[in-house]
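J.: So that we are looking at the same thing, I have put the structure below in structure tokens.
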Amino acid sequence: MRLRHWVGSGSGPALALLLGAAAALAQPAPALDEVLGVPLPEQPALLILDSEKPAQADPGATTGAVAAQEGAASLASGAARPATTAPVVLDITAIEPLTQDPGLLPPPVILPPALPTVVVDLPPPATPAFEIVARMTEGLALARLGEREKKDILDAYQANENRPFWIDGKGWSAAGASLAARIGRAGEDGLRPTDYALPAFEASDKGSLAEADIRLSALAVLFARDARGGRIDPRRLSKLITPTLHLPSATEILSELTASSDPGAALAAYNPPHEGYRRLRAKLAEMRLHQDDTPLVRIPAGPPLRVGMRDERVPLVRARLGLGPSQEPVFDRSTATAIAAFQKQAGLPANGVLSPQTLAALGAPATARAEQDVVAQMERWRWLPPDLGESHIMVNVPEFQVRVMRRGAVAHQARIIVGKPETPTPIFSHRMDHVIVNPSWYIPPSILRKEILPGLASDPNYAARRGYVVTRGRNGAISVRQPPGERNALGWIKFMFPNDHAVYLHDTPNRRLFANERRAFSHGCVRVENPFLLADQVLDREWSSDRLKRLIGSGERRINLPAPLAIHLVYNTHVVGADGSVSTFDDLYGFHRLVRQALEPRG
């Protein structure tokens, strides 16, 4: 009664509190915030009823019924209100799943723009270009180097952007060392080593390195041109020595050397490639290996001595020549004869007079004189073309021999007659191109002036008696011709190689002269023994010697060679055989002596 009364009397709020507390005690403890320590708000439970699910779900939305369970009683009526369940329909837009949170993606990589390529061509650090330019004059200061060669060397460096050819940062490069080594052995080729003194330099001095590079180029050019015959001008020795020298330009030399993997070998190749030269070179090395160091008798200078003269030097002269002592210091005939024999060996005029040249020769060892002879002969090989021709004719004037050479072997050899000392046979190279059978002889102007015209002046029948035909031109000029025949000075055949000296090879009616050992009888042309055998060597097979002989007496006939044939008229006084022996021939015209003197070092 009391309790009902209490309830009914209006203590509803208190009851509600009690009921709420009981309900709270029945619920699990609310979750607390870990940081703030306060209860987290309760999340309503969601309940989706199977009966409320649609038959087919919309792929774009999720549909369901949600019932909320209410846990508090209604206080408006004063009694607890039963819990009610109301369906709730939610339209939830489908969210496309993300593979990764965009907030966590790394920032995009932005590449820098491409920079332009810059090419810088720098000169070698060891020797800058300006050092080459600054040292050009000093590097080219060689006494025998021509102005044209100097300009060509300068142009070669400019074409190379004034960069060095032969040095690197420390000294000679491999190419420079090869070239310097070859130049340092110039004496092996009969050249004078002092003409090619290698430059000295300091590796730390850039200017010194630049000058050394230029000097080595200049020395290489000088060496190559000397190796081809540039040391002396043969035409200055005699107007009858007219070879065509094949001197390379400085541009050609440097182009070849800088392009070679072995510049030293390329430089050595400028020397004559001929077998005769190589044998002389080997003989020179042999002589220097066995030099005679025997002291000689020193003969004081003085006036020339001739037969009958008295001089205190005569006993010394006789001792030097190996003669016995004499009772009086008289330069007698036996002494003069010994002097003449010595002069002949030394390539001097064999007049038996003790001249200053003879005295100087007596003061040199025999081996030194022999070396000079070999070097002078090597020099004359430089006058020949580098390529003699696979087939060629070689006329050795001092030996009085002609040879037909085929692939380095002698195919034919014959005796010849050459010019007299007063009318020497010239020395040069040319090409034979035709043969004439039954030739006429047109007397050369030199013989016309010296012999024919004086004879005609004293005797109008001078030419007719000798079988000559005299022709007078409109301007009064006289030409003299000897018609073909047995008495013709050219014989029955001549071999033509048109040249400035108007000389050729030919037959002769005076064949008995070939029996002489010394055969210098012509006016300059070369007379050949058995000329028809020579014709067999140079003409086609259809023109045999027998066929040519059948043409004799039938009039002048020209027959062309199948191809021009190189012919070389040479002056070889010293020839080394395959066995190493040396054959010497008389210095018929003194040309050997002239070469020796030209090669002597000047003070």
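J.: Write out, first by first residue and then by second, each pair whose Cβ atoms fall under 6 Å of each other, whose residues are 6+ apart or on separate chains, and whose first residue, in segment 559-572, is closer than 16 Å to Gly276 by Cβ and in the same structural domain as Met496 (by TED's automatic domain parsing) while the second is part of a loop (DSSP other than H, G, I, E, B) and among the small types (Gly, Ala, Ser).
T.: Short answer, once both residue conditions are applied: Ala566/Gly389.
J.: Take the residues in segment 183-204 that are of a type outside the set (Phe, Trp, Tyr) and within 14 Å of Gly139 (Cβ to Cβ), then tell me which one is surrounded by the fewest Cβ atoms within 10 Å (Cβ to Cβ).
T.: Ala200
J.: Additional query: Residues Gly352, Gly363: which one is closer than 23 Å to Gly187 by Cβ and of a type outside the set (Asp, Glu)?
T.: Gly363
J.: Given the conditions (1) closer than 30 Å to Met378 by Cβ; (2) outside any loop (DSSP other than H, G, I, E, B); (3) modelled with pLDDT of 95 or more, and given that Leu191 satisfies all but one, which numbered condition is not satisfied?
T.: Of everything listed in (1) closer than 30 Å to Met378 by Cβ; (2) outside any loop (DSSP other than H, G, I, E, B); (3) modelled with pLDDT of 95 or more, Leu191 misses just condition (2).
Let's see how each residue does on (1) modelled with pLDDT under 90; (2) surrounded by fewer than 16 Cβ atoms within 10 Å (Cβ to Cβ); (3) among the β-branched types (Val, Ile, Thr):
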| position | (1), (2), (3) |
| --- | --- |
| Val330 | no, yes, yes |
| Ala341 | yes, yes, no |
| Ala370 | yes, no, no |
| His392 | no, no, no |
| Val395 | no, no, yes |
| Gln401 | no, no, no |
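J.: Looking at Leu456, is it touching a helix residue (DSSP H, G or I) at 6+ places or on another chain (Cβ under 6 Å), outside any strand (DSSP E or B) and touching a residue at least 12 places away in the same chain (Cβ under 8 Å)?
T.: Yes.
For (1) in contact with a Leu (Cβ under 7 Å, 6 or more places away or on another chain); (2) of a type outside the set (D, E, K, R); (3) surrounded by fewer than 18 Cβ atoms within 10 Å (Cβ to Cβ), each residue gets a yes or a no:
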position	(1), (2), (3)
Thr423	no, yes, no
Val437	yes, yes, no
Asn461	no, yes, yes
Arg466	no, no, yes
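J.: If you check Arg602, Arg541, Arg511, Arg596, which single one turns out to be modelled with pLDDT under 95, out of contact with any strand residue (DSSP E or B) (no Cβ under 7 Å at 6 or more places or on another chain) and surrounded by 15 or more Cβ atoms within 10 Å (Cβ to Cβ)?
T.: Exactly one residue qualifies, and that residue is Arg596.
J.: Just a yes or no: is a residue in segment 234-251 among the aliphatic types (A, V, I, L, M), touching an Asp or Glu at 6+ places or on another chain (Cβ under 8 Å), in a helix (DSSP H, G or I) and more than 27 Å from Glu390 (Cα to Cα)?
T.: Looking through segment 234-251, at least one residue is among the aliphatic types (A, V, I, L, M), touching an Asp or Glu at 6+ places or on another chain (Cβ under 8 Å), in a helix (DSSP H, G or I) and more than 27 Å from Glu390 (Cα to Cα).
Quick grid of which residues meet (1) assigned to a strand (DSSP E or B); (2) in contact with a His (Cβ under 6 Å, 6 or more places away or on another chain); (3) not basic (Lys, Arg):
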site	(1), (2), (3)
Leu490	no, yes, yes
Phe495	yes, no, yes
His501	no, no, yes
Thr508	no, no, yes
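J.: Output yes when any residue across segment 422-440 is in contact (Cβ under 8 Å) with a residue 40 or more places away in the chain, in a loop (DSSP other than H, G, I, E, B), acidic (Asp, Glu) and within 21 Å of Leu505 (Cα to Cα), and no when none is.
T.: No - not one qualifying residue is present in segment 422-440.
J.: Taking the condition of being loosely packed, with under 14 Cβ neighbours inside 10 Å and touching a helix residue (DSSP H, G or I) at 6+ places or on another chain (Cβ under 9 Å), how many residues in segment 480-505 meet it?
T.: 1
J.: Would you confirm whether any residue within segment 416-438 is in contact with a helix residue (DSSP H, G or I) (Cβ under 7 Å, 6 or more places away or on another chain) and over 23 Å from Val402 (Cβ atoms)?
T.: No, there is no match, as no residue in segment 416-438 is in contact with a helix residue (DSSP H, G or I) (Cβ under 7 Å, 6 or more places away or on another chain) and over 23 Å from Val402 (Cβ atoms).
J.: Let me ask something additional. Taking the condition surrounded by fewer than 19 Cβ atoms within 10 Å (Cβ to Cβ) and in contact with a strand residue (DSSP E or B) (Cβ under 7 Å, 6 or more places away or on another chain), does Arg527 pass?
T.: No; evaluated as a whole, the condition is false for this residue.
J.: Grab the helices (runs of 4 or more DSSP H) fully contained in segment 529-603, keeping just those with 2 or more residues being under 32 Å from the mean Cα position of the chain (by Cα) and not basic (Lys, Arg).
T.: 591-599
J.: Within segment 298-322, take every residue that is of a type in the set (A, V, I, L, M) and assigned to a helix (DSSP H, G or I) and give me the one that is nearest to Pro349 (Cα to Cα).
T.: Among residues in segment 298-322 that are of a type in the set (A, V, I, L, M) and assigned to a helix (DSSP H, G or I), the one nearest to Pro349 (Cα to Cα) is Val317.
J.: Right, here's the next one. Hey, any hits in segment 165-174 for a residue that's of a type outside the set (Val, Ile, Thr) and not in a loop (DSSP other than H, G, I, E, B)?
T.: Among the residues of segment 165-174, at least one is of a type outside the set (Val, Ile, Thr) and not in a loop (DSSP other than H, G, I, E, B), which makes the answer yes.
The values are calculated or read from the model by the stated rules, or taken from the named source; none is laboratory data. All of these numbers come straight from a predicted model, not from anything done at the bench. Please note: Cβ atoms are built from the backbone with ideal geometry, for glycine as well, and neighbour counts cover all protein chains shown.
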